[in-house]
Amino acid sequence: MYLKPIANWARRFAFGNLLAVLILAWLALLHFAGLWLFTRGFLLSRLALSNVTDCEDCTLPQTHKRAVLLVIDALRFDFVSPDPPEPPSKFHHHVLTLPQELTRRQPSHSFLFDSFADPPTTTLQRLKGITTGSLPTFIDVSSNFDATSITEDSFISQLRRANKTVGFPLNKYDI
Amino acid sequence: MLHDYPSFNVEDLHTVDEGVIEHIFPLLKHENGTEWDFIVGHFLGVDHVGHRVGPEHSEMTAKLQQMDTVLREIVELLDDETLLVVLGDHGMNQQGDHGGDGELETSAALWFYSKSVPLSTSESGTTSPSLMKMATYPGAKVPHRSIPQIDLVPTLSLLLGLPIPFNNLGFVIPELFQRDSDFQSAMEANTRQIKTYLDQYRASPSGGELDAGWENLEERYQQSRTLTGGGLSRAEAHYAFARTALETCRQLWAQFNMGLMVLGVLVMASAFAASVRVYQELSVPSDTWEVAVIEPLIQGFVAASVFAILVSIVAWTISSKVHLPISLAELAIFILSFGTPIPLAVPTNIRTPKGSTLSFESILLIVYCGVFWSNSFLVWEERVVTFFLVSCILPRVILSFGKSTGRLRWRLLGFGAAFLVAVRLMASSTICREEQHPFCHVTFYASSLLPSPPTVTLLLIIPIALGLPTVVRRFLKIAAADQGLAPFYIEIVLRCFLVLGSVSWIIDWVDHSGIAAQYVDAQWAAETIRVIRSTVGRIVAGGSIVGLALWSTSPLNIAVRRKQDASGETLVEVLGFANTYGSFYLLFVLFFFAFVWLTTQVSGQLPLALSLIAILAYLELIDTLRDIRQLSTGQHEKSSGGPSFSEIAPLALLAQLAFFSTGHQAVISTLQWKTAFVLTATRSVFSPLTVVSNTLGPIFVVALSAPLLGMWLIPPLPQPVGNNTVIRKTLKTALGFSIYFSTLLLSSAASAAWFRRHLMVWKVFAPRFMMAGLSMLAVDVGLLFAAAGIATVLQNVRTAYKGVT
């Protein structure tokens, strides 16, 4: 058998512990490879750049001096749609009717859209998307390794840069 | 599955929005002369009603009616210069929940309203219909205008005359810019911003991610810059570029790759099967394991390498014609890592160990794996671990009590009690994860709001740092194995390191509590304190490295004593003989322990000390239990197959408990960033090292100690039988320990993949998977260090007992 000499040869290294070291190193590599493959498919991540758009001529003349942005948590499109699914639900269709009413009356002033929210559809991830225009990921890898929260450019920060006053009437961010 | 939403105060459905309503109207009316340019309001009521009773309920009707009324009043109050935007951040499924990628969850309303300024003035139809995507809501008869939600960002920015945020991937909504040449300028500003972002991202360290789609993106961008955009209108070319960018980035960052996840799990599974096989071969009490393992290992390496090369060549040749779902590197690594263990994992002659029924500990491990499939259990994992640990030990102590007598009975009770008390005290230290409130009380910090150590730990830590070495030495004394340099290493070196490690954190506390500033100049105090603290840290870190080097050349912890017996013949007695291996290897562990101690905050040092005591008590307890079994069965077990899985499993549980009790949880927010500054005042190359040591150190130290189980009280003679036995038993223990963690890793990876669209995936399952992955690597590295340490021990033993029979 050719194996016995190999075993004897291996025993001469690391004071007999060579095979143990090799097996443990091999398993460590396998675990690492498995984790590497899995996380490449699972842990959605991107690098969060901290750059801020800073330019004079990259916008248009404003149409409005001010804006009111109201987030109604979990306001699904059909709740306000003029053409909800058939048959409509008596509980939530054609109840909040102001948007469809005004869109009908003033089509050049009022615009209603069905918007696609990128999953995961959790409030915190969405609020980030709504303000920065970026995609949700699990970890926004930061170039600063100890920064637990990363500030990306958003229209809130652009408002602040333009010295505009932003009011938050009691905003309580849950889930 | 149990879903609980502890952070929801869903009881109060009607007043939940009143805070916003109450505050928004004075702002809109500019009462008290308040000036503002932008108001953000967030109404939570609809979401709460959804979670509580679902959309098909009269509560929802009432809530939507209330919203309608509020919006009407707001529209009434709007002045001519104000734009109103109302939107849902996401939708809800038929049960009223959200988080996933279902059609109903990803559909959200978005409404723009400008009271007097019309947003679209020119004739309709100026924009190509290809820019106005329509979609039919599930169940509806009529299609409706549909846009990605992030299109809001560039649109709102430009309407308010602001630059578009740097990272934006949305595209301006055509309808809102139908004024003269506005749409053209809006699109140009938009695509330029997206291109700048992509360029910047590509120049970043992660830029390689974009390689695959880069040519296409460049081409699209060029088309939008030229007047004849490849047969498209300018607007279409702009639109096509922006949407290609969004799609490319979505593919990269926002889509799971199920294929890669499955491949990853397959690799972990084949590694698991191979380690189980090697473990079984090691259970045979002879030297045949080496031969039995080497052959399939060589086969696996040769076969997998050849196969990987062949497949890579084929894949590379066809890659120009066929689009492969995974990259060449991923494919090659998969074949290599999945293939090499196969000959080991698929044994030709399965040797089933005698009485191979599942042990109690194995059943507990299976139950533990089940915990990963329920978020409500997973958030209480630390309590599950404590319960399992006590369940492993207590019955064994009680059952053996009757069979033991005299000294063995005292040992059984003493070490059993020491272990259980240490575990119980460790479990009382917790940092509480968010989901545990209000049923969890933070003991790791002074309070949940004040991240400084509780006063009692500050008072206790120095006595503990001084006393722990005495306890360690006391354990070695049991087999008289505190000879040689052991007293010096333990009583002097270790004691100094532990005290300095605690002092480092007391200095930190003094620095942050502002006590020093009361007596001396604040600036001077802060700088001096900082210098002292870094120096203290470096003494311990550097000292541990020097200590390890010295240890490797130190003599064993034994002493030879000659005495004459009654007949005048000289007898040679070797003190510490019985625990030659274990006592010497323990010193090796202690240097690493000292470094982890330094990187652990004061309130974590207490449980860390307890974990060391628990390990030592456990080693003695297992030895006692073996002696008791030997007494009752008459079989000599010391030349047996080595530590059983039942004996190894509690150590793995102890490692988990050590992680939790040192102020960690399986959530990213419990990373203790302040440990980045143990060795240096500012961030440096050492910072990641100390943070990793803080996070994974407790698991690492227990992994490093685990092989002690295979060498504790193993007689070194005759040689080379002694050394070979230690090699086999320590490797078996190491593999058993590794198998425990890889079982947990497999289960947590599978559950994270399965629940990838679950509401709790990013809060519970994904972080737990990350912890499982990182602790697996910590265990692997710990066991590799252990193997290196063991080699040194083997060498010293061989030299010391040379020629002795």
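Within straight cross-link reach of residue A:90, meaning Cα distance under 27 Å, which lysines are found once same-chain residues fewer than 8 apart are removed?
Candidates past the 8-residue exclusion: B:63, B:141.
Suppose every K and R has +1 on its Cβ and every D and E has -1 on its Cβ; what is the size of the dipole of the protein assembly as shown about the Cα centre, in Debye to the nearest 20?
Taking the Cα centre of the protein assembly as shown as origin, the dipole is about 4560 debye.
Multiplying the sequence separation of residue B:409 and residue B:184 by 0.36 nm and subtracting their Cα-Cα distance, what value in nm do you get?
72.1 nm
Quick check on the exposure proxy: order B:770, B:60 from fewest to most C-beta atoms within 10 angstrom.
In increasing order of surrounding Cβ atoms, one gets B:770, B:60.
Viscosity 0.890 mPa s, temperature 25 °C: give me the Stokes-Einstein translational D for the protein assembly as shown in µm²/s, with Rh taken as the Kirkwood radius over C-alpha pairs.
77 µm²/s
Compute the long axis of helix B:455-477 from its Cα atoms, compare it with the longest principal axis of the Cα atoms of chain B, and write down the angle in degrees, 0 to 90, nearest 10.
40 degrees
I'd like the mean, over residues of B:167-179, of how many other protein chain beta carbons sit within 10 Å of each residue's own Cβ.
Mean number of neighbouring Cβ atoms from other chains: 4.
Given the -39500 (n - 2.57) contribution per DSSP H run of 4+ residues, what per-residue ellipticity at 222 nm results for chain B, rounded to the nearest 500 deg cm²/dmol?
-20000 deg cm²/dmol
Cut-off under 27 Å on the C-alpha distance; same-chain residues fewer than 8 positions from residue A:65 excluded. Which lysines are left, in chain and number order?
A:128, A:164, A:172, B:29, B:115
Pop the C-beta distance of residue B:439 and residue A:163 into the FRET formula with R0 = 45 Å and round what comes out to the nearest 0.05.
The formula returns an efficiency of 0.45 here.
For B:387, A:113, B:171, which order do you get if you count the other beta carbons within 10 Å of each Cβ and list the fewest first?
B:387, A:113, B:171
Indicate the gyration tensor shape class of chain B (rounded, prolate or oblate), computed on the Cα atoms with a ≥ b ≥ c the square roots of the eigenvalues: a/c under 1.5 is rounded; otherwise a/b larger than b/c is prolate and the rest oblate.
Since a/c reaches 1.5 and a/b is larger than b/c, the shape of chain B is classed as prolate.
Would you order A:105, B:757, B:728 from fewest to most other beta-carbon atoms within 10 Å of each residue's own beta-carbon?
A:105, B:757, B:728
Of B:142, B:61, B:720, which is farthest along the charge dipole of the protein assembly as shown in the positive direction, counting Lys and Arg as +1 and Asp and Glu as -1 at C-beta?
B:720
Per residue of B:247-259, count partner chain C-beta atoms within 10 Å of its C-beta, then hand back the mean as an integer.
4
Under 8 Å for C-alpha pairs, at least 6 residues apart: give me the relative contact order for region B:261-405, rounded to a whole percent.
RCO, region B:261-405: 30 percent.
Using Cα pairs under 8 angstrom and six or more residues apart, how large is the relative contact order of region B:150-255, in percent?
Result for region B:150-255 is 24 percent.
Which of the listed residues, B:488, B:555, B:466, is farthest toward the dipole's positive end in region B:357-800, when Lys, Arg count +1 and Asp, Glu count -1 at the beta-carbon?
B:555
Which one of B:261, B:205, B:224 has its Cα pushed farthest toward the positive end of the charge dipole of region B:186-283, where Lys and Arg give +1 and Asp and Glu give -1 at the Cβ?
Among B:261, B:205, B:224, the one farthest towards the positive end of the dipole of region B:186-283 is B:224.
What average number of partner chain Cβ atoms lie no more than 10 Å from the Cβ of the residues making up A:156-168?
Neighbouring Cβ atoms belonging to other protein chains average 5 per residue here.
If I take every Cα pair under 8 Å that is 6 or more residues apart in region B:357-800, average their sequence separation and divide by the length, what percent do I get for the relative contact order?
22 percent
What spacing in nm lies between the two simple spin-label points modelled at residue B:632 and residue B:65, each 7 Å away from Cα in the Cβ direction?
My value for the distance between the label points is 7.3 nm.
What nm distance separates the two modelled labels at residue B:466 and residue B:52, each placed 7 Å from Cα along Cα→Cβ?
Result: 5.9 nm between the two label points.
When chain A is treated as a GNM, springs tying every alpha-carbon pair under 10 Å, which of A:18, A:159, A:98 comes out with the largest mean-square fluctuation?
Between A:18, A:159, A:98, it is A:18 that shows the largest mean-square fluctuation.
Calculated FRET efficiency, residue B:477 and residue B:522, Cβ-Cβ r, R0 45 Å, to nearest 0.05?
0.40
If you take every DSSP beta bridge whose two residues both sit in the protein assembly as shown, what share of them, in percent to the nearest 5, is antiparallel?
Within the protein assembly as shown, antiparallel bridges account for around 50 percent of the total.
So how far, in whole Å, is the C-alpha centre of region A:58-101 from the one of region B:733-768?
After rounding, the separation between the Cα centres reads 41 Å.
State the extension gain, in nm to one decimal, for the chain segment bounded by residue B:532 and residue B:34, taking 0.36 nm per residue of separation less the distance between their alpha-carbons.
Contour length minus the Cα-Cα distance gives 174.1 nm.
Which shape class applies to region B:150-255: rounded if a/c is under 1.5, otherwise prolate when a/b exceeds b/c and oblate if not, where a ≥ b ≥ c are the square roots of the Cα gyration tensor eigenvalues?
Note, shape of region B:150-255 comes out oblate.
Can you list the lysines whose alpha carbon sits under 29 Å from that of residue B:732, skipping same-chain ones fewer than 8 residues off?
Filter leaves A:4, B:354, B:403, B:477, B:638, B:802.
Could you compute the FRET efficiency for residue A:97 and residue B:18, with r as their C-beta to C-beta distance and R0 at 30 Å, rounded to 0.05?
0.85
Taken together, the values in this text are just the output of simple stated rules run on the coordinates, not laboratory data. Predicted model only: the values in this text are computed from it and were never measured. Methodologically, a virtual Cβ is constructed for each residue, glycine included, from the backbone with ideal geometry; neighbour enumeration extends over all protein chains shown.
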